[in-house]
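The next block holds one structure in the form of structure tokens; read it before the comments.
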Amino acid sequence: MYLRLPAPLLFLFLLVSCKSGQKNTGQAGFDPFQYEIRKKVLAENGAVVSAHPLASKAGVAILRMGGNAVDAAIATQLALAVVYPNAGNLGGGGFMIARLSDGKELALDYREMAPAAAHRDMYLEKDGTANTEKSQLGHLSSGVPGTVAGLFAAHAYAKLPFEKLIEPAIILAEKGFVITASEARGLNAIQDDLRKYNTITPVFVKPGGWKAGDTLVQHDLARTLNRIKENGKAGFYEGETARLITDEMKRGSGIISAGDLVNYKAIYREPHRFTYKGYSIVGMPMPSSGGLLLHQMMKMIEDRQIAGMGFHSVQAVQLMTEVERRAFADRAEYMGDADFHRVPVSMLTNEVYLQNRMRNYDPSKATPSSVIRPGELLRAESEETTHLSVTDREGNAVAVTTTLNNSYGSRTVVGGAGFFLNDEMDDFSIKPGVPNMYGAVGGEANAIKPGKRMLSSMTPTIVLKDNKPFLVVGTPGGTTIPTQVFQTLVNILEFGMSTEEAVYKPKFHHQWLPDEIMIEKGFPAEVKNTLQQMGYSFGRERSGIGRTECIRLLPDGRFEAVADIRGDDAADGY
Ligand code: GLY
């Protein structure tokens, strides 16, 4: 795809640039008014894959300047906050997995946190019914944002000054960029919500609607980014930006306070590690269920010769469905923020436990979710998100998944500050047994408590081969995230697929409840029919599941960066 700014607009832009004494492409290192979407690059020095071509370009510009993969991941996230407002964010949170050239492995948690005034039953009406509108939309649905704290915590491993990394984002916000057709569709789809859940009309509201090629300029966001550039983390969590957030909360009856903002901390945690047939896999621990679910699913298939069954064979899809179902039953019962609730990770990944989980697996028929239940321990004991993968020539590899939860989060933009707030509170279990927006249920382990982080499914993952990064992978997609990463890894490690095939082939998903297989357009009808005869139910077919971004390190040392075809996702590198 190639976007070209209409001549009069380009002229206007140049005029504005001249007036302010600034150049356009030179500053950002690329042209925000004319860009193409590349789905695959082979690069020798470094590569970035993200949900938006301009964000991938921002990351590569930083690599070219001498930054490492961590620098590029920070710059890409900041650019995504401008050019991909439905999931790129300042008002959300995320996780970063990194494998550094010296062998150090990092798992950075900058997940949102429940405000101090949050409480377990805050989304229940007087009659006890759960109000999911309040947990999913508007001011009360937001957790305390973690992204900016996360970017500064990550910066400890970067090489370039933060002011350089934020520069492309500032230029994109100040000068604008042309939007794609899917961005126009996304913004048009939320116009009513934007009017309903905002106290001050945000720049994203456009009477008459958005169309491909329109320019989006975000002055309020540029000012917020400049405050972060000048004051660091305090430019967001204190001072003017914090005041704008708390004022917004007051106007919209939200509960995030100045104390919540100043107390927010990103946390380095021990990565969740496991091995699979000689590969070492590094993933995210709690409060994301991603690493643990991936571990459980991979181990439940490891000894079952899935490669011989064949890709999209009835046997392979059935086996993967059954392991997905069992892992998600455990998620509902046992997983939550481990700082608040003990998560029995070693029991849930114990070899005997996982063998026991598969004891009632029957290759000839479905095992209904009603008979699965969460596993008995051996002894007591959204859908919009975005992923980016980055590698550099020094040998660093970074996988970041970040989110506002729903597309455009709570739909509330902080008045005067120009960024969307998340609706991550819905990732808590707002009432035992009540499904969240992804249909996932939970209980005590993931109940709301002040300061607690809501359980995530985000699965940024690095696979090591011979102790070197081999795959850097992840995807958005709410609860489908762990199963999409699982399937991408199985496609490559077991079915021997190319990176593109592994990413592009239709996916499927089972999450225990609802007891149905969700399939993507293009999933083979004959496999579906046979599985139906074996007792499986199917949910509605989805036009796309996930948007996987994957970098594979080739034997000759080059990086093969592949962006998903399911969106505007783009690979870049040099
Ligand atoms: N909000 C989606 C997730 O964290 O899993």
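The values are calculated or read from the model by the stated rules, or taken from the named source; none is laboratory data. Bear in mind that the values here come from a model prediction, so they are computed numbers and not experimental data. Counting neighbours? That spans all protein chains shown, and the Cβs are built from the backbone with ideal geometry, glycine included. Ligands, DNA and RNA are stripped out before the accessible areas are found, and what is left, the full protein with its side chains, is counted by its heavy atoms. Shrake-Rupley method; radii C 1.70, N 1.55, O 1.52, S 1.80 Å.
Projected onto the charge dipole of the chain (+1 at Lys/Arg Cβ, -1 at Asp/Glu Cβ, origin at the Cα centre), which of Ala169, Leu151, Phe523 gives the Cα projection farthest towards the positive end?
Ala169
Ignoring ligands, DNA and RNA, please state the percent of accessible area on the chain from carbon and sulfur, probe 1.4 Å. Write out the running numbers ahead of the final one.
Working: 10070 of 19990 Å².
Accessible surface attributable to carbon and sulfur in the chain totals 50 percent.
With unit charges on the beta carbons (Lys and Arg positive, Asp and Glu negative) and the dipole taken about the Cα centre of the chain, which residue among Phe470, Gly336, Met297 sits farthest to the positive side?
The residue sitting most towards the positive pole is Phe470.
Taking a probe of 1.4 Å, how large is the accessible area per residue of the stretch 517-559, in Å²?
With all protein chains present, the stretch 517-559 gives 49 Å² per residue.
Straight-line reach only, C-alpha to C-alpha below 25 angstrom: list the lysines that Lys229 could link to, leaving out same-chain residues fewer than 8 apart.
Lys19, Lys23, Lys57, Lys159, Lys164, Lys175, Lys265
Looking at the chain only, what percent of DSSP beta bridges run antiparallel? Nearest 5 please. Show your work: numbers first, answer last.
Values: 65 of 69 bridges.
Around 95 percent antiparallel, to the nearest 5.
What's the magnitude of the charge dipole for the chain around its Cα centre, counting Lys and Arg as +1 and Asp and Glu as -1 at the beta-carbon? Answer in Debye, nearest 20.
The dipole of the chain has a size of about 420 debye.
About the Cα centre of the stretch 442-500, how large is the charge dipole given +1 on each Lys and Arg Cβ and -1 on each Asp and Glu Cβ? Please answer in debye to the nearest 20. Present the calculation step by step, with values, prior to reporting the outcome.
Working: 5 positive and 4 negative charges, 69 e Å.
Approximately 340 debye in magnitude.
Ranked highest first by average number of other Cβ atoms within 10 Å, how do 39-49, 530-540 line up?
Result, highest mean Cβ count within 10 Å first: 39-49, 530-540.
Quote the FRET efficiency, to the nearest 0.05, computed for Lys104 versus Asn45 with a Förster distance R0 of 22 Å and r equal to the Cβ-Cβ distance. Kindly include the intermediate steps, with their values, before the conclusion.
Working: r = 21 Å, r/R0 = 0.98.
The formula returns an efficiency of 0.55 here.
Place the peptides 397-410, 226-239 in order of packing, highest mean first, counting for every residue the other Cβ atoms within 10 Å and averaging per peptide.
Descending packing order for the listed peptides: 397-410, 226-239.
To the nearest 20 debye, what is the magnitude of the charge dipole of the stretch 343-488 about its Cα centre, counting +1 on the Cβ of each Lys and Arg and -1 on the Cβ of each Asp and Glu?
With Lys and Arg at +1 and Asp and Glu at -1, about 260 debye.
Put a dot 7 Å past each Cα toward the Cβ at Glu376 and Tyr268; how far apart are the dots in nm?
4.3 nm
Just from its helices, what would the mean residue ellipticity at 222 nm be for the chain, if runs of 4 or more DSSP H residues each count -39500 (n - 2.57) and the sum is divided by every residue, rounded to the nearest 500 deg cm²/dmol? Spell out each step's value before the answer.
Details: 22 runs with 204 residues, N = 574.
Calculated from helices alone, the mean residue ellipticity at 222 nm is -10000 deg cm²/dmol.
May I ask for the distance between the Cα centers of the stretch 67-95 and the stretch 437-463, given as a whole number of Å?
A separation of 21 Å, based on Cα centres.
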